[in-house]
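The values are calculated or read from the model by the stated rules, or taken from the named source; none is laboratory data. Note that this is a predicted model, so its numbers are computed, not measured. Every residue, glycine as well, gets a Cβ built from its backbone with ideal geometry; the counts of neighbours run over all protein chains shown.
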Amino acid sequence: MIARTWHGIVPISKKEAYYQYLQKTGLQDYSSIKGHLGLQVLQRDEQDVTHFFLITFWDSYESIKRFAGEQYEKARYYPEDHNFLLELEPMVQHFEVLEANQIVSINQRFKLTNYLKSNIGHIIGLAALIK
């Protein structure tokens with residue numbers, strides 16, 4: 001597994017708007033790429049700016065290229081990024097993941113709980129068949 005990291009800085013007054021924009025652009029695009037395994041979005045306020053640090057997880061460099069293109073070491077930006085970001089950092093970093101523990105977000109737990117609640121009858125029926 002390969003982790004791809006990107007860092008961006010926005011004025012603190014734009015952090016909520018940028019995160020919403022990020023959800024509609026990069027975060028949505030990641031999930032549409034075959035070989036994308038997941039992501040983490042980190043945020044930190046520092047004085048009058050907010051740092052965003054994205055870690056995306058991929059099954060191969062070929063999968064990363066499907067998202068970023070042949071020059072996958074370069075950051076990929078969207079048309080409105082310049083309205084938020086204080087600078088467009090040119091490069092990203094890639095790391096081989098040696099060990100990873102699964103992190104389940106609150107949103108994932110909520111979705112799973114609702115799925116189980118709405119399908120409990122089917123689940124019990126399948127469990128009875130398995131016995």
Tally of residues being in contact with a Gly (Cβ under 7 Å, 6 or more places away or on another chain) and either surrounded by 14 or more Cβ atoms within 10 Å (Cβ to Cβ) or among the aromatic types (Phe, Trp, Tyr) (or both) across the stretch 49-69:
5
Tell me, which residue of the stretch 7-48 that is modelled with pLDDT of 95 or more and among the small types (Gly, Ala, Ser) is surrounded by the most Cβ atoms within 10 Å (Cβ to Cβ)?
Gly8
Phe53: modelled with pLDDT of 70 or more, touching a His at 6+ places or on another chain (Cβ under 6 Å) and either outside the structural domain of Leu22 (by TED's automatic domain parsing) or not polar (S, T, N, Q) (or both), yes or no?
yes
Could you please tell me which pairs satisfy a Cβ distance under 6 Å, a separation of 6+ or placement on different chains, a first residue in the stretch 14-28 that is hydrophobic (A, V, I, L, M, F, W, C), and a second residue that is exposed (fewer than 12 other Cβ atoms within 10 Å of the Cβ) and at pLDDT 90 or above?
none
